[in-house]
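What follows is one structure encoded as structure tokens, with my remarks underneath.
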């Protein structure tokens with residue numbers, strides 16, 4: 001929840017929780033939201049049915065929040081944090097148990113922010129004025145890569161600040177921001193139609209975070225309905241979406257030479273803050289209580305099992321094909337009539353690879369120039385074999401920041417595939433079937 005802007009030093013009742021006293025994210029001097037976070041919103045695109053299914057995906061974490069009304073969250077999945085947050089100048093006190101985080105008996109988690117102080121809680125500014133809840137999966141679940149998503153309905157009103165985010169599991173050893181932070185979704189009450197997704201790391205934290213905003217069309221407010229917020233995370237690439245619409249993708253190329261710290265385990269966090277440097281404090285227009293409703297939280301990852309997979313179809317409905325079904329290193333990858341053979345069965349793995357015949361789709365010699373051909377090659381973990389498959393139906397090599405492309409827009413059998421600057425043209429659009 002440390003967005004383009006904030007510092008997260010929460011005084012936790014659980015001293016064993018890594019040094020969460022340094023869950024910071026800048027804005028310590030009241031910086032305004034990073035202008036770049038709203039200035040980098042590319043044209044939205046919609047997830048295809050094939051990608052949404054992510055067929056061979058395995059669920060590695062799921063909480064559907066089923067249970068009786070008033071029940072606390074599953075303690076085997078979530079840790080409840082307590083305390084206040086001086087560094088963000090938030091106004092709430094996070095309480096334990098089910099007082100501010102409870103199931104509603106209808107399949108939702110309800111995190112409630114109230115204007116109250118029944119326990120005479122003390123905050124950085126004196127007697128606390130509000131209560132709320134924050135929970136995380138530290139010590140219970142971490143993930144490296146995959147699809148991380150939550151379906152939620154956010155609160156409304158000046159000073160409200162709901163968030164779904166992740167922190168590097170090594171925060172207790174390296175501190176923040178070296179741990180890295182991935183903000184899947186943040187919303188501040190004065191922007192009812194906009195959410196933000198942001199990366200924080202060494203040299204790009206707080207108000208210098210790398211991110212973008214997504215705004216609903218037609219003046220709709222996120223508080224009016226449930227929406228699904230997700231990141232698709234693979235080596236060297238993270239893609240954000242809202243309701244299946246992709247609005248940004250970030251790679252190491254976006255960091256200006258600074259360190260990419262997102263290839264390690266992260267844990268999940270859900271919270272509803274009240275006030276702070278970024279959202280500002282509640283005012284006379286803010287009604288209480290306010291609620292963040294969470295329908296589910298899920299993490300899925302492709303199984304990547306050998307012998308599985310399916311075709312990748314593109315221009316003229318033809319398939320990505322290994323020439324001659326030859327598994328030798330350097331075999332050209334081409335466009336060809338779909339025929340169901342093993343030479344056209346590709347597995348898109350959570351490790352960022354695309355595999356067939358036991359080998360990887362590879363950019364020849366690790367090239368980054370337009371027109372560099374792709375081939376089959378032994379999987380070796382290099383950037384030449386890393387691919388992002390966003391909902392826009394591009395297949396992107398993040399190292400080159402270029403798209404898988406049918407040379408010359410030629411749909412003839414045997415046309416070589418290459419990388420090329422992404423143009424959005426039909427010869428760069430692919431449907432991945434698992």
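Counting every other Cβ atom within 10 Å of each residue's Cβ, 226, 164, 61 order from fewest to most as 226, 61, 164.
Sorted largest first, the spans of the alpha carbon positions of the stretch 140-193 along the three principal axes are 37, 23, 18 Å. Explain nothing, just the number: relative contact order of the stretch 70-117, from Cα pairs under 8 Å at least 6 residues apart, as a whole percent. Once normalised by length, the contact order is 36 percent. As a rough footprinting exposure proxy, the listed residues 190, 266 were ranked by other beta carbons within 10 Å of their own, and the order from fewest upward is 190, 266. By the count of neighbouring beta-carbon atoms within 10 Å, fewest first, 149, 186 end up ordered 149, 186. For residue 421 and residue 125, a Förster radius of 51 Å and the Cβ-Cβ distance give a FRET efficiency of 0.45, rounded to the nearest 0.05. Legend: calculated FRET efficiency, residue 173 to residue 407, from the Cβ-Cβ distance at R0 = 45 Å, rounded to 0.05, equals 0.40.
Both radii are taken from the alpha-carbon atoms of the stretch 312-432; with Rh as the Kirkwood radius, Rg/Rh is 0.91.
Every number here is computed from the coordinates shown, using simple stated rules; none is lab data. In this text, all values refer to a predicted model and were calculated from it rather than measured experimentally. All Cβ positions, even for glycine, are placed from backbone atoms using ideal geometry, and neighbour counts span all protein chains on display.
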